[in-house]
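Everything below concerns the one structure shown next.
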Amino acid sequence: MKKILFLLCVTCALVACVSNPTYVEQEGATLKTIKVTVRANEWSYTQQGDEDQFNNNYFYAVVDMPEITEDVFDYGEVKAYAVFDRNSLTYARKHLLPYVLHAEEKNVYGEWVFYTQTIDFTYGIGWAEFNFRMSDFAYENEDVTINPPAMEFDIVITY
């Protein structure tokens, strides 16, 4: 009886080891890093007219990205990083997007204002888009001409 039980267990274990037919093994991958700078005047705003104000608007910047081919889109991986102080040995850092920063500052009346800043990223075949949003939407309530500052990003494509 022990031998039959043992053989049954071994048979089940061997059947469970059949390879997954949807898994594709590759010997190597290509890694490419593309540096992107979005200047302050290159940010666009989603508000189209006066009627759209106060509708959860945000800033965005679209860049052409021919490196994101259909094959990369279907079988590769694309990640984006916000880069701060790239040229400083002490302060250089990268944040994988989405990057969420909880912040506080004093307004013109000396009162503390708390908000969350979010920088996000989306892409498609041949393009990439960066999004910038502030949770207090001060750019809608107070001054719709406020633009985000210039920002630097690294897009890393693995294929």
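Descriptive notes on the structure:
- Estimated FRET transfer efficiency (GLU70, TYR115; beta-carbon r; R0 35 Å; 0.05): 0.35
- Modelled FRET efficiency - R0 35 Å, SER135 with LYS79, Cβ distances, 0.05 increments: 0.90
- In terms of the mean number of neighbouring beta-carbon atoms within 10 Å, the peptides 77-89, 28-40, 100-112 order highest first as 77-89, 28-40, 100-112.
FYI, it's all coordinate maths here, none of it is from the lab. Computed from a predicted structure; not experimentally measured. Here the Cβ is made from the backbone with ideal geometry for all residues, glycine too, and neighbour counts use every protein chain on show.
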